[in-house]
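The values are calculated or read from the model by the stated rules, or taken from the named source; none is laboratory data. Computed from a predicted model, the values in this text were never measured in an experiment. FYI the Cβ positions are ideal-geometry reconstructions off the backbone, even for glycines, and counts take in every protein chain you see.
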Amino acid sequence: MILHTESLRYTYGQGKPIHFPDLRVNAGDKILIMGPSGSGKSTFLNLISGAIPLQSGSIQLNGTPYGDLKPSALDRLRADHLGVIFQTLNLIPYLSGAENAALGLRFSKRRQSRVEDKQVEIQRLALALGLTELQLAAKASHLSIGQQQRIAVIRALLGRPELILADEPTSALDPVSTDRFVREMLESFDPTTQAIVLVSHNPALKQFFDRVIEFEDISDD
């Protein structure tokens with residue numbers, strides 16, 4: 001099992017606690033989490049990615065509980081086993097597309113060891129995602145939103161982390177571009193060793209995923 005969450009709960013300030021469904025993720029799983037704004041979708045992903053601290057419940061990644069680790073060890077665990085596609089993309093505008101993609105390996109020797117030739121692997125993923133060598137060489141600030149999103153996917157996939165987390169990666173795309181982008185992304189990950197959990201409010205994405213989890217009313221009354 002790649003990921004197991006149990007009894008997760010999170011509270012913002014003095015607000016109502018948000019209770020999340022337990023989740024088990026195995027290699028090959030393609031999971032879509034849906035729900036309206038404010039239902040806790042991104043909070044759930046942020047807990048798994050470590051962007052916000054665990055308050056209550058447990059998260060296990062590759063069998064290791066987050067709560068048992070010191071912050072530095074938890075950072076290494078996430079760097080080794082998680083690839084995250086942020087809603088804001090977080091590309092460095094003055095670096096090229098290829099340089100931004102390579103940042104996925106910067107903090108993980110484990111992921112570095114899985115890549116024999118970094119440039120060859122970036123080019124392979126770029127081809128699968130419909131990017132050209134010219135686009136890889138261009139500064140991120142000169143790329144379209146769709147091209148930047150594809151660079152973010154390469155960064156997340158590089159080094160084959162077991163779990164890919166994607167937070168609203170198609171929010172800025174039109175329906176035709178969304179369809180193509182999701183197909184390309186799902187065809188680019190390895191179902192024998194990897195899984196993907198994607199958060200979206202777009203019901204058109206359901207067709208691409210094996211499991212759909214609806215976040216509708218998960219807070220206390």
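Counting only residues that are assigned to a loop (DSSP other than H, G, I, E, B), among the hydrophobic types (A, V, I, L, M, F, W, C) and farther than 22 Å from Thr5 by Cβ, how many does the stretch 164-221 have?
The first filter runs over the stretch 164-221 and keeps only residues assigned to a loop (DSSP other than H, G, I, E, B), leaving 168-174, 189-194, 201-202, 209-210, 215-218, 220-221.
Subset that is among the hydrophobic types (A, V, I, L, M, F, W, C): 172-173, 189, 209, 215, 218.
Still in the list and also farther than 22 Å from Thr5 by Cβ: 172-173.
Total meeting the criteria: 2.
Residue under question is Phe20, and the condition is that it be of a type outside the set (Lys, Arg), surrounded by 16 or more Cβ atoms within 10 Å (Cβ to Cβ) and closer than 29 Å to Gln147 by Cα; does it hold?
When the stated conditions are applied, Phe20 does not pass them.
Does the stretch 22-31 contain any residue that is out of contact with any Lys or Arg (no Cβ under 9 Å at 6 or more places or on another chain), more than 22 Å from Gln194 (Cβ to Cβ) and part of a loop (DSSP other than H, G, I, E, B)?
Checked the stretch 22-31: no residue is out of contact with any Lys or Arg (no Cβ under 9 Å at 6 or more places or on another chain), more than 22 Å from Gln194 (Cβ to Cβ) and part of a loop (DSSP other than H, G, I, E, B).
Is at least one residue of the stretch 33-52 buried (at least 20 other Cβ atoms within 10 Å of the Cβ), of a type in the set (A, V, I, L, M), touching a residue at least 24 places away in the same chain (Cβ under 8 Å) and in a strand (DSSP E or B)?
Yes: one or more hits.
Out of everything in the stretch 128-148 that is part of a helix (DSSP H, G or I) and over 20 Å from the mean Cα position of the chain (by Cα), what residue ends up being surrounded by the fewest Cβ atoms within 10 Å (Cβ to Cβ)?
Restricting attention to the stretch 128-148, the residues satisfying the condition of being part of a helix (DSSP H, G or I) are 128, 133-137, 140-142, 145-148.
Next, from what is left, pick out any that are over 20 Å from the mean Cα position of the chain (by Cα): 133-137, 141-142.
Numbers: Glu133: 12, Leu134: 8, Gln135: 19, Leu136: 22, Ala137: 12, Ser141: 11, His142: 13.
Checked the stretch 128-148; the qualifying residue surrounded by the fewest Cβ atoms within 10 Å (Cβ to Cβ) is Leu134.
So, in the stretch 176-215, of the ones that are within 15 Å of the chain's Cα centre (by Cα) and aromatic (Phe, Trp, Tyr), which residue ends up modelled with the highest pLDDT?
Phe209
Condition (residue is more than 15 Å from Pro161 (Cα to Cα), polar (S, T, N, Q) and within 19 Å of the chain's Cα centre (by Cα)) applied to the stretch 19-31: is it met by at least one residue?
no
Report the residue count in the stretch 100-121 for those that are part of a loop (DSSP other than H, G, I, E, B) and among the charged types (D, E, K, R).
Counting residues in the stretch 100-121 that are part of a loop (DSSP other than H, G, I, E, B) and among the charged types (D, E, K, R) gives 4.
Would you check if there is a residue in the stretch 79-92 being among the aromatic types (Phe, Trp, Tyr), buried (at least 17 other Cβ atoms within 10 Å of the Cβ) and under 20 Å from the mean Cα position of the chain (by Cα)?
Initially, the stretch 79-92 is screened for residues among the aromatic types (Phe, Trp, Tyr), giving 86.
Restricting the remaining residues to those that are buried (at least 17 other Cβ atoms within 10 Å of the Cβ) gives 86.
Cutting the leftovers down to under 20 Å from the mean Cα position of the chain (by Cα) gives us 86.
Yes, the stretch 79-92 contains a residue that is among the aromatic types (Phe, Trp, Tyr), buried (at least 17 other Cβ atoms within 10 Å of the Cβ) and under 20 Å from the mean Cα position of the chain (by Cα).
Conditions: (1) surrounded by 18 or more Cβ atoms within 10 Å (Cβ to Cβ); (2) among the aliphatic types (A, V, I, L, M); (3) free of Cβ contacts under 8 Å to residues at least 12 places away in the same chain. Val199 meets all but one. Number of the miss?
Here Val199 meets the rest and fails (3).
Might you check whether a residue that is under 30 Å from Leu8 (Cα atoms) and of a type in the set (Phe, Trp, Tyr) occurs anywhere in the stretch 105-114?
Among the residues of the stretch 105-114, at least one is under 30 Å from Leu8 (Cα atoms) and of a type in the set (Phe, Trp, Tyr), which makes the answer yes.
Go through the stretch 39-89 and report how many residues are touching a His at 6+ places or on another chain (Cβ under 9 Å) and among the aliphatic types (A, V, I, L, M).
2
Do we find that Leu8 is in contact (Cβ under 8 Å) with a residue 60 or more places away in the chain, surrounded by 18 or more Cβ atoms within 10 Å (Cβ to Cβ) and assigned to a strand (DSSP E or B) in this structure?
It is false that Leu8 is in contact (Cβ under 8 Å) with a residue 60 or more places away in the chain, surrounded by 18 or more Cβ atoms within 10 Å (Cβ to Cβ) and assigned to a strand (DSSP E or B).
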